[in-house]
Amino acid sequence: MHKNKENKVLDTKLDAVSKSLKQSIKNLDSYTHVRGESLYVDDVNIRQGTFHAVVFDSPKAHGKIKSIDYSKAEALDGVERIFTYKDVPGKNEIGGIIPDEPLFAEHEVHFWGMPIALIVAESEFIARKARDLIDIDIEELPVITTAQEAKAKGSFINAPRSFSLGDTQKAFQDCEYVFEGETFSNGQEHLYIEAQGSYAEPLENGNIKVTSSTQGPTSVQKTIAQVLGVAMHKIEVDVTRLGGGFGGKEDQATPWAVMAALATYHLNQSVKLILNRHDDLRMTGKRHPYESTYKIGLSKDLKILAYQTEFLQNSGAAADLSPAIAERTLFHATNSYYVPNVTTKVLSCKTNLPPNTAFRGFGGPQGMFVIESAIAKAASEIGVSARQIQEANLLDENDTFSYGQIAKKVEAKNTWNSAKNIFNSDALEQEVSDFNKNNTAFKKGVSFMPITFGISFTNTPMNHARALVHIYLDGSIGISTAAVEMGQGVNTKMMQIAADVFSVSIEHIKIETTNTTRVANTSPSAASSTADLNGKATLMACNSLLERLKIVAAEDLNVSENNIILKEEYVFVNDNKTELSWTDLISSAMLKRVALTENAHYATPEIHFDKTKEKGHPFAYHVYGTAITTTTIDCTRGTYEFDSIKIVHDYGKSMSEGIDLGQVEGALIQGMGWMTMEEIAYNDEGKLLSNALSTYKIPDIFSVPKSVEVIPVETNGHELAILKSKAVGEPPLMYGIGAYFALQNAIKAFNPNYDLKFHAPMTPEKVLMSLYS
Ligand code: MTE
Ligand code: HPA
Ligand code: MOS
């Protein structure tokens with residue numbers, strides 16, 4: 001309680017200061033990015049004699065390993081050694097939530113691309129050549145590629161989870177309308193620009209330092225220690241930045257770091273392991289495909305009285321983060337709507353695909369797609385627009401989510417109504433309908449997409465962070481946290497916080513690399529919570545230092561410390577500038593032997609969740625917004641363009657408007673890609689067919705909407721958000737779902753007999769078929 005109150009006071013004080021910075025600040029990385037000076041794993045200066053490694057992986061999706069002949073590969077000139085599960089000194093186990101995933105396959109393989117061995121050689125080229133010389137004999141076993149097949153065979157990762165509110169079965173009986181149906185949403189490739197990779201180097205006494213492109217340095221450290229059978233303090237993990245993660249490096253950066261460390265452990269030499277794009281695409285998991293069924297019941301006045309779903313999550317061959325992702329699907333199953341009677345169930349289905357993993361939205365988008373499909377279906381059957389149903393059911397203050405949390409500071413209706421007013425949606429809908437009356441070869445469709453996304457790791461114990469702040473004796477500042485910069489701009493936000501508190505220019509501040517020896521036992525940079533958690537810790541540490549410095553200044557100036565403020569790198573007394581500068585103040589503090597280092601710990605207050613009851617208050621707060629999407633389809637070709645996306649988004653009080661706008665735009669396009677064009681394809685043998693950018697299409701400059709407008713909603717922000725600036729990383733991805741339904745509406749305008757289909761992505765091929773079905 002006490003901590004909470006303290007934060008509140010500080011946040012209010014900072015409101016004023018942060019205003020000036022928030023509009024002007026650019027993402028700090030933009031300077032080194034455009035000059036090509038930003039450092040990634042591949043840029044680490046390597047030691048003389050460093051070895052290079054390549055992973056040998058399974059050429060079949062399921063089977064027993066009968067024999068492997070490494071002799072020709074080992075004999076190749078320049079090959080140092082080949083490591084297998086037999087070389088693991090500790091546990092051959094990397095599963096983060098459930099211990100069900102070996103680092104290297106032992107006697108069986110469970111997916112195409114499953115690591116079997118690590119080839120270490122003088123160069124990557126030689127290691128690749130050696131890989132081609134390995135002979136493997138696999139006795140094939142039946143392959144499961146779809147969730148439904150897994151369900152039919154009883155192949156699951158864990159026990160199902162189910163949330164319920166009210167009495168769904170009874171409520172269906174009171175409904176005027178009841179509709180049922182099924183949906184499919186495909187996976188999605190992360191396609192971070194920087195592929196997975198790591199560099200391990202031996203230090204003295206058997207200690208190992210690993211540079212990894214990971215969102216979760218502590219899980220890398222922990223897993224290396226477990227696999228090597230050594231204590232965690234022997235392993236140091238360091239991250240400068242990632243060339244994108246998008247969830248794909250929350251868990252799946254780990255194996256490559258572990259393999260490099262394992263080779264270093266044995267060879268006492270540095271080892272570099274960076275996957276090339278083909279290897280990365282084949283060996284790593286993606287967003288989970290979902291096959292789902294729904295039943296929705298409405299009253300005569302379009303209130304959703306009852307909603308029931310079964311989500312089949314295609315988890316792949318091991319748990320990875322699937323159980324946590326499944327949980328978030330349930331949390332977001334009713335999106336921005338209040339539904340009094342809900343029964344949702346999710347089954348994590350074990351298949352022979354690479355273990356699917358975190359991807360921006362973390363199961364939330366898959367859940368929301370289903371209720372939006374159910375609403376579209378109901379609207380089409382009843383003969384109203386989906387917008388009417390959506391509007392009639394938007395979440396209100398004090399409504400209860402199916403997981404028991406009471407909705408507070410709700411902006412669902414605010415963003416919805418603001419979007420309608422600001423963008424004059426009535427006129428827009430009229431234009432679209434006029435266009436459709438006057439055109440036969442082209443049709444337009446418009447959709448509304450409200451979003452509500454919960455902020456916090458759904459696993460309550462993960463919501464904590466620390467910050468270590470040094471003020472050096474020349475007045476410059478170094479900040480270490482667990483935050484991993486992956487393009488989302490979190491380092492810039494950390495720097496802004498310190499600049500605000502000390503009122504010094506950002507030139508005085510450096511954000512250090514993310515390193516397990518400086519900040520330990522950390523949660524990954526994920527769940528959109530990185531800036532909130534690490535930012536609050538940074539704020540606390542900086543404020544402790546500030547209080548200390550004020551005492552120094554008060555002594556030096558012989559005034560009460562209550563009259564002191566730091567402004568523009570000078571000490572002010574009662575708003576009068578003194579001669580005491582920031583650097584003089586620091587010198588004085590040094591002479592007085594005042595500690596200029598502070599470590600602070602922040603743990604999100606208020607949140608809790610009871611898994612035995614599936615009830616609680618898991619989220620610090622929710623982020624809201626509404627998108628209005630307009631598309632035009634070419635009815636001869638099935639191709640389409642997005643005319644405009646108009647968004648009213650709940651940033652709270654954004655602390656970095658440019659960065660946050662970038663997050664909204666990027667997430668939106670990523671979500672649209674998932675919904676409209678990105679088509680992961682495996683064949684029945686479990687082989688990835690979309691294994692290159694020639695067969696996997698992501699949005700490019702030609703496919704982005706002709707216009708994207710994003711307007712901040714008027715709101716007071718939230719105390720649990722850093723400086724009231726709400727988490728922004730994931731929520732806007734779900735605006736992309738609107739693209740799917742805009743297309744459906746356009747198709748319907750051309751083909752009134754079209755029976756809506758909920759099978760994403762809605763590629764031009766599918767549009768064309770639907771126009772004439
Ligand atoms: N933005 C960029 N440019 N690159 C990324 O990898 N990851 C997204 C989002 N935005 C990502 C990104 C995901 S999945 C998450 S969870 C958040 O950023 C993580 O950062 P945050 O917690 O600081 O928002
Ligand atoms: N979001 C993202 N990553 C996570 C979560 C979550 O809720 N829980 C565990 N890892
Ligand atoms: Mo984001 S999917 O939580 O890394």
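The values are calculated or read from the model by the stated rules, or taken from the named source; none is laboratory data. Given the structure is predicted, the values throughout are model-derived calculations rather than measurements. Ideal geometry is used to build each Cβ from the backbone, glycine not excepted, and the neighbour counts take in all protein chains shown. The accessibility values were calculated without ligands, DNA or RNA, using every heavy atom of the protein model including side chains. Shrake-Rupley method; radii C 1.70, N 1.55, O 1.52, S 1.80 Å.
Results for (1) of a type outside the set (Gly, Ala, Ser); (2) in a loop (DSSP other than H, G, I, E, B); (3) in contact with a strand residue (DSSP E or B) (Cβ under 9 Å, 6 or more places away or on another chain), shown as yes or no for each residue.
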{"residue": "Thr631", "(1), (2), (3)": "yes, no, yes"}
{"residue": "Ile659", "(1), (2), (3)": "yes, no, no"}
{"residue": "Ile669", "(1), (2), (3)": "yes, no, yes"}
{"residue": "Glu678", "(1), (2), (3)": "yes, yes, no"}
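For Glu547, are the conditions met, namely being charged (D, E, K, R), modelled with pLDDT of 95 or more and surrounded by 15 or more Cβ atoms within 10 Å (Cβ to Cβ)?
Criteria not met by Glu547.
Do any residues in region 350-363 that are within 19 Å of Phe453 (Cβ to Cβ) and away from ligand 1 (no atom under 11 Å from the Cβ) have Cβ atoms under 8 Å from those of residues that are of a type in the set (A, V, I, L, M) and open to solvent by less than 10 Å² (accessible area, probe 1.4 Å), where the two are at least six apart or on different chains, and which pairs are they?
So the pair list comes out as Gly363/Ile325; Gly363/Ala326.
Restricting to region 713-755, and then to whatever is farther than 22 Å from Pro605 by Cα, of a type in the set (A, V, I, L, M) and touching a strand residue (DSSP E or B) at 6+ places or on another chain (Cβ under 6 Å), can you tell me which residue is nearest to ligand 2 (Cβ to nearest atom)?
Here the residue is Met734.
Could you check, for region 539-553, whether at least one of its residues is within 16 Å of ligand 2 (Cβ to nearest atom), under 24 Å from Lys726 (Cα atoms), under 39 Å from the mean Cα position of the chain (by Cα) and in a helix (DSSP H, G or I)?
No, that holds for no residue.
Could you tell me whether any residue of region 297-315 is at pLDDT 95 or above and either within 16 Å of ligand 1 (Cβ to nearest atom) or closer than 30 Å to Asp87 by Cβ (or both)?
Checked region 297-315: at least one residue is at pLDDT 95 or above and either within 16 Å of ligand 1 (Cβ to nearest atom) or closer than 30 Å to Asp87 by Cβ (or both).
Is it the case that Asp556 is assigned to a helix (DSSP H, G or I) and buried (at least 23 other Cβ atoms within 10 Å of the Cβ)?
no
Could you look through region 244-295, keep only residues that are part of a loop (DSSP other than H, G, I, E, B) and hydroxyl-bearing (Ser, Thr, Tyr), and pick out the one that is nearest to the chain's Cα centre (by Cα)?
Here the residue is Thr284.
Has region 677-689 got at least one residue that is out of contact with any helix residue (DSSP H, G or I) (no Cβ under 6 Å at 6 or more places or on another chain), open to solvent by less than 10 Å² (accessible area, probe 1.4 Å), more than 30 Å from Ile138 (Cβ to Cβ) and not polar (S, T, N, Q)? If you could, list the steps in order and put the result at the bottom.
Going residue by residue through region 677-689, those that are out of contact with any helix residue (DSSP H, G or I) (no Cβ under 6 Å at 6 or more places or on another chain) are 677-687, 689.
Checking the rest, the ones that are also open to solvent by less than 10 Å² (accessible area, probe 1.4 Å) come to 678, 686.
Among the residues that remain, those that are also more than 30 Å from Ile138 (Cβ to Cβ) are: 678.
Next, only the ones that are not polar (S, T, N, Q) stay: 678.
Within region 677-689, one or more residues are out of contact with any helix residue (DSSP H, G or I) (no Cβ under 6 Å at 6 or more places or on another chain), open to solvent by less than 10 Å² (accessible area, probe 1.4 Å), more than 30 Å from Ile138 (Cβ to Cβ) and not polar (S, T, N, Q).
So which residues in region 319-338 are away from ligand 2 (no atom under 16 Å from the Cβ) and either touching an Asp or Glu at 6+ places or on another chain (Cβ under 9 Å) or part of a strand (DSSP E or B) (or both), if there are any at all?
Asn335, Tyr337, Tyr338
Can you tell me which residue is surrounded by the most Cβ atoms within 10 Å (Cβ to Cβ) among those in region 206-243 that are part of a loop (DSSP other than H, G, I, E, B) and free of Cβ contacts under 8 Å to residues at least 60 places away in the same chain?
First, pick out the residues of region 206-243 that are part of a loop (DSSP other than H, G, I, E, B): 207, 213-216, 229-231, 240-243.
Filter once more, keeping what is free of Cβ contacts under 8 Å to residues at least 60 places away in the same chain: 207, 231.
Numbers: Asn207: 13, Ala231: 8.
Of everything passing the filter in region 206-243, Asn207 is surrounded by the most Cβ atoms within 10 Å (Cβ to Cβ).
Mind counting the residues in region 416-446 that are of a type in the set (D, E, K, R) and open to solvent by 70 Å² or more (accessible area, probe 1.4 Å)?
Number satisfying all stated conditions: 3.
Quick check on region 430-460: of everything there that is within 16 Å of ligand 3 (Cβ to nearest atom) and of a type outside the set (S, T, N, Q), which residue is nearest to Tyr640 (Cα to Cα)?
Restricting attention to region 430-460, the residues satisfying the condition of being within 16 Å of ligand 3 (Cβ to nearest atom) are 451, 453-460.
Still in the running and of a type outside the set (S, T, N, Q): 451, 453-455, 457.
Working: Ile451: 24, Phe453: 29, Gly454: 32, Ile455: 34, Phe457: 37 Å.
Once the filter is applied, the top-ranked residue is Ile451.
In region 359-391, which residue that is surrounded by fewer than 22 Cβ atoms within 10 Å (Cβ to Cβ) and not in a helix (DSSP H, G or I) is nearest to ligand 2 (Cβ to nearest atom)?
Out of the qualifying residues, it is Ser385.
Residues in region 459-500 that are within 13 Å of ligand 1 (Cβ to nearest atom), over 26 Å from Lys26 (Cβ atoms) and buried (at least 23 other Cβ atoms within 10 Å of the Cβ): how many?
The number of residues fulfilling the criteria is 1.
Within region 219-244, count every residue that is more than 18 Å from Gly96 (Cα to Cα) and within 15 Å of ligand 3 (Cβ to nearest atom).
5
Please specify each residue of region 104-143 satisfying the condition of being in contact with a helix residue (DSSP H, G or I) (Cβ under 6 Å, 6 or more places away or on another chain) and surrounded by fewer than 23 Cβ atoms within 10 Å (Cβ to Cβ).
Glu106, Leu133, Ile134
Whether any residue in region 328-346 is at pLDDT 95 or above, within 12 Å of ligand 3 (Cβ to nearest atom) and touching a Gly at 6+ places or on another chain (Cβ under 9 Å) is what I want to check.
Within region 328-346 (the criterion being at pLDDT 95 or above, within 12 Å of ligand 3 (Cβ to nearest atom) and touching a Gly at 6+ places or on another chain (Cβ under 9 Å)), the answer is yes, since at least one residue qualifies.
Please tell me if Phe453 is within 16 Å of ligand 1 (Cβ to nearest atom) and either in contact (Cβ under 8 Å) with a residue 24 or more places away in the chain or assigned to a strand (DSSP E or B) (or both).
Details: within 16 Å of ligand 1 (Cβ to nearest atom): yes; either in contact (Cβ under 8 Å) with a residue 24 or more places away in the chain or assigned to a strand (DSSP E or B) (or both): yes.
Criteria met by Phe453.
Could you figure out which of (1) part of a loop (DSSP other than H, G, I, E, B); (2) at positive phi isn't true of Gly616?
Gly616 satisfies every listed condition except (1).
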